[in-house]
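The values are calculated or read from the model by the stated rules, or taken from the named source; none is laboratory data. Please read all numbers here as calculations on a predicted model, not as lab measurements. Glycine also receives a Cβ, built like all others from the backbone with ideal geometry; neighbour counts cover every protein chain displayed.
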Amino acid sequence: SWAGLLLGFAILLLPFALGFVGGGDVKVLAAVGAWLGPVGVVVAFLAAQIVSLAVTLFICARSGRLTALLGNSTLMVTKLAMVRDVGVDHVVESGHEVKQLRTVGRRLPYAVSICLGVIVAMLLPIA
């Protein structure tokens, strides 16, 4: 559906603009929205977030980097909450700082989490 496609695109547009996800992730979620519709893309996105969280926590715990993860996450949330006060450029710059302090050691492919989220959305009885 067109509504699902637009919603899937819109969900990851800000994270893409801030450099948190790649353009391919935005396109994949838009395609998922076109396929599953608005409700399905939201369910798939939420499930993908849970999968990403679990994988990140596991990797950070295994490598002893949970404290760094908490610090990076706190910085990102704080800057996003203050976007009106500090401006978008400062938030984007902070995003680049967080990337340099990479918690996990290497970038995690978000498309894998989206794929698992799609499987969850397909298995759930949604309207």
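Contact map, the stretch 108-123: residues that are in contact (Cβ under 8 Å) with a residue 24 or more places away in the chain paired with residues that are among the acidic types (Asp, Glu) and in a helix (DSSP H, G or I), Cβ distance under 8 Å, separation 6+ or inter-chain. Pairs shown: 110/25; 111/25; 114/25.
Cβ separations smaller than 7 Å between residues 6+ apart or across chains give the following pairs from the stretch 19-32 residues that are more than 16 Å from residue 52 (Cβ to Cβ) to residues that are of a type in the set (Phe, Trp, Tyr) and at pLDDT below 95: 23/16. Within the stretch 41-55, the set of residues being in contact (Cβ under 8 Å) with a residue 60 or more places away in the chain and among the small types (Gly, Ala, Ser) comprises 44, 47, 48, 52.
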